[in-house]
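Below: the structure, in structure tokens.
The values are calculated or read from the model by the stated rules, or taken from the named source; none is laboratory data. This structure is a prediction, so every number in the text was calculated from the model and none was measured. Note: ideal-geometry Cβ built from the backbone for every residue, glycine included; neighbour counts use all protein chains shown. What goes into the accessible areas is simple: the full protein's heavy atoms, side chains included, and nothing from ligands, DNA or RNA. Shrake-Rupley method; radii C 1.70, N 1.55, O 1.52, S 1.80 Å.
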Amino acid sequence: QVLLVESRGGLVQAGGSLRLSCTASGRAFSTYVMGWFRQAPGQEREFVAAISRNTSMTYYADSVKGRFTISRVNAVNTLYLRMNGLKSEDTAVYYCAASTGPSTARYDSTRAFDYWGQGTQVTVSS
């Protein structure tokens, strides 16, 4: 069992910035593909970003590319999402997710990830 805890969400004005954090339990963090997803009220959970185990590859949804940056520090079991130029449509609960093994689903699918955090609220005022 892997415990994931998101933090550092909050309320910001449009155009502002936030950095989300996600900490993971255990000794195998560096072996996980990690991702961020978000879900707005009444909407399906959608892909935001993902990062490879060795940090050499990152992936972003078109809606956030150029504004958001995913990163990780394996030595402290932590995943980050730096969000710049926030828009009202970025308002959602943001979830950290871990993929601990091979999956038939791609990185932008919720089915690729087998552990999820509880979520942290990001609200962007218009």
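Among the residues of the range 98-120, some residue qualifies, meaning at least one is farther than 15 Å from Arg8 by Cα, open to solvent by less than 70 Å² (accessible area, probe 1.4 Å), within 13 Å of the chain's Cα centre (by Cα) and among the β-branched types (Val, Ile, Thr). Within the range 41-51, not a single residue is acidic (Asp, Glu) and touching a Leu at 6+ places or on another chain (Cβ under 9 Å). Candidates are the residues of the range 47-68 that are more than 19 Å from Phe29 (Cβ to Cβ) and of a type outside the set (D, E, K, R); the one that is most open to solvent (accessible area, probe 1.4 Å) is Gly66. When residues in the range 15-67 are screened for being in contact (Cβ under 8 Å) with a residue 12 or more places away in the chain, more than 16 Å from Gln121 (Cα to Cα) and of a type in the set (D, E, K, R), 2 of them pass. From the list Leu18, Leu11, Leu81, the one residue that fits, being open to solvent by 60 Å² or more (accessible area, probe 1.4 Å) and modelled with pLDDT of 95 or more, is Leu11. Being in contact (Cβ under 8 Å) with a residue 60 or more places away in the chain, buried (at least 16 other Cβ atoms within 10 Å of the Cβ) and not charged (D, E, K, R) is a condition met by at least one residue of the range 84-91.
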